[in-house]
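Structure first, commentary second.
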Amino acid sequence: MFIDQVKIHVKAGDGGAGCMSFRREAHVPKGGPDGGDGGRGGDVVLEADGALSSLVDYRYKRHFKATKGVHGKGAIRHGARGGDLVLKVPLGTIVRDAETGTVFGDLTHQGQRVIVASGGHGGRGNIHFVTPTRRAPAFAELGEPAEERWIELEMKLLADAALVGMPSVGKSSLISRMSAARPKIADYPFTTLVPNLGVVKAGERGFVIADVPGLIEGAHEGKGLGHAFLRHIERTALIVHVVDLTGGYESRDVIEDYEVITRELRLHAAELAERPVVLVGNKADVVGVEAADERLRARAEADGIPYFAVSAVTGEGIDSMTRAVAERVHELRTAATKAEESYERIWQHDSRRESQFAVVNMGEGVFRVDGKAIERMVIQTEWDNDEAVAFLEKRLVKAGVEKALIDAGARDGDEIRILGRSFEFDVGLADDDEVAYIEDELDEEAE
């Protein structure tokens, strides 16, 4: 079964909670804190695999989760990291956020990977919160919830050239003559229901050619079978436009057929109008097609594109056409390699960006603070623990939130909101004895 577009939900692993523990051993009646850190949650990773030919594995199963990080334990035992979930997809798969349309990656090479949901940070154990004035911290951090989202996977065939044309013009016969591909062939429209790939060898040159299901007028609007398969032409370096010189059972005009398909490609994607084209008149062995052949050849010369009259049945003209296509594909691919773009998302820790935050004045004495690092502090705080909440307030001061709020017009008693949590603004919460400690801690986190 050929499936080339799916939508799935992915969720990374939540971070494990840090442990609040104290050393209790014989002869050590008042040991210090020894709570270990929670493990980071696993990521959800997509990996390109050339052994796959479609996205059928994701047709029925739509929800995928990575494993959570393990909670920390006493005796400074840190929790294990959650295992990554690696999902295999075919080469040529584009990954997008289903809601925003953001492209996470374009997986075109074997083994290429992209992280689509990042695991949550593990919470720190109470060993991290010791200061000269706080010798026995009775709190630890919670684990951070992981990212989750709906993503769209769209597979586009990675072919060097694509055979396009009206139904029953002989595209499947041509690909079977040019390569080892053996598609279904019959004398009725829409025989080809899925794209076929064939590997062609022409002297020292080789290329991959795709037989795309027949297009009709209005294909870009969803008519016929073309709407679902036009995307597979977008990656090809060269379009091999096939026209039936006999006009088919409907006795269509060859020039009109050529213009209809050219227009449909342009309406689907404007850049396809600029894609190099080789025009092929098929069924040249049939008696009485000389006039149509001359008209099509003249049109090709007027448009400045190569033209070949061939017969998929007898093999007439196939070799010269194949060599010309191979040479043109080689030229195009060589030029494209120098300017190739990669959409692979690089997941590296950007401390500068994560530490940034914004204060929004919502009016009537209400302010909202947005920022990844600030939000993480709030998420990982135990709200049932007064000591942990007090520590959070001091961290926010040292992160510059208090100054930013004052600059934005906040006054004592105003409401401050962070991730749905509300605080009453109180200037000067920081304890001078902890200034150096918390500033060092924030610097350490940024690294």
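Descriptive notes on the structure:
- Chain lengthening between residue 75 and residue 30 when straightened (0.36 nm per residue, less Cα-Cα): 14.8 nm
- Prolate/oblate/rounded call for segment 260-327, Cα gyration tensor, a/c under 1.5 rounded: prolate
- Simple spin-label estimate for residue 361 and residue 5 in nanometres, 7 Å along Cα-Cβ: 4.7 nm
- Between residue 54 and residue 301, the simple spin-label model (points 7 angstrom out along Cα→Cβ) gives 4.5 nm.
- Magnitude of the charge dipole, segment 1-155, Cβ model with Lys/Arg +1 and Asp/Glu -1, debye to 20: 900 debye
- Under the criterion of Cα pairs below 8 Å and six or more residues apart, the relative contact order for segment 1-155 equals 37 percent.
- Residue order, fewest to most surrounding Cβ atoms within 10 angstrom, among 142, 245, 52: 52, 142, 245
- Per-pair calculated FRET efficiency, R0 = 22 Å: residue 286 and residue 253 via Cβ, rounded to 0.05: 0.85
- Likely footprinting exposure, 249, 60, 258, 307, fewest C-beta neighbours within 10 Å first: 60, 249, 307, 258
- Exposure proxy order (Cβ contacts within 10 Å, fewest to most) of 113, 421: 421, 113
- Two-decimal log10 I(q)/I(0) for segment 1-155, as the Debye equation yields it once each C-alpha is a single scatterer, q = 0.10 Å⁻¹: -0.47
Read the figures in this text as sums done on the coordinates, not as results from a lab. Keep in mind it's a predicted model, so treat the numbers as computed, not measured. Heads up, the Cβs are rebuilt from the backbone with ideal geometry, glycines too, and the neighbour counts pull from every protein chain shown.
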